[in-house]
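Novice: Have a look at this one.
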Amino acid sequence: MASWLGILGFHSAIVMLWNYQFSWLWTLGFMACFRWRRRGHDFTAGLCLSLLTLKPQFAAAAVLWLLLRPAWRTLAGLFVGFMSQAAIVAIVLGPNIWRDYFVGTSIYSRLSSLYEFDPEYQQALLGIFQG
């Protein structure tokens, strides 16, 4: 409890929470995954690791790590957690949200081939190198 109060005492931690940044949630999921795996609860560790699927770049590294280990029960927990999150999104926002997401992604893909974005306004590392 004292460590949490110490963390929240930093101004940057308060700003992060105030601006709805979720890096603390990803860190918490990653740390909980290691703790549960150390205790032998592989499926629960995978459920904790599924918090990383909120940002797919982080989940890709976790899936690769699980495939190379191989940790099949943890990978199954990750998959169940991901599917649960996708189902919750579909329930809350409607089942057409996934179709709209993929349509929007394909539109952006075609748009990026027509227009070269200025890397100064692009947050992707690839955009910085291409610019």
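Novice: Considering only segment 6-22, I want to know if a residue exists there that is modelled with pLDDT under 75 and hydroxyl-bearing (Ser, Thr, Tyr).
Specialist: Looking for residues that are modelled with pLDDT under 75 and hydroxyl-bearing (Ser, Thr, Tyr), one finds at least one in segment 6-22, hence yes.
Novice: Across segment 80-114, what is the total count of residues that are modelled with pLDDT under 85 and closer than 19 Å to residue 47 by Cβ?
Specialist: The qualifying residues number 0.
Novice: If you don't mind, another one. Does segment 18-76 hold any residues that are on the phi < 0 side of the Ramachandran plot, free of Cβ contacts under 8 Å to residues at least 24 places away in the same chain and part of a loop (DSSP other than H, G, I, E, B), and which are they?
Specialist: Listed by number, the residues that qualify are 19, 21, 39, 41, 69, 70.
The values are calculated or read from the model by the stated rules, or taken from the named source; none is laboratory data. In this text, all values refer to a predicted model and were calculated from it rather than measured experimentally. Glycine gets a Cβ as well: all are built from the backbone with ideal geometry, and neighbour counts include every protein chain shown.
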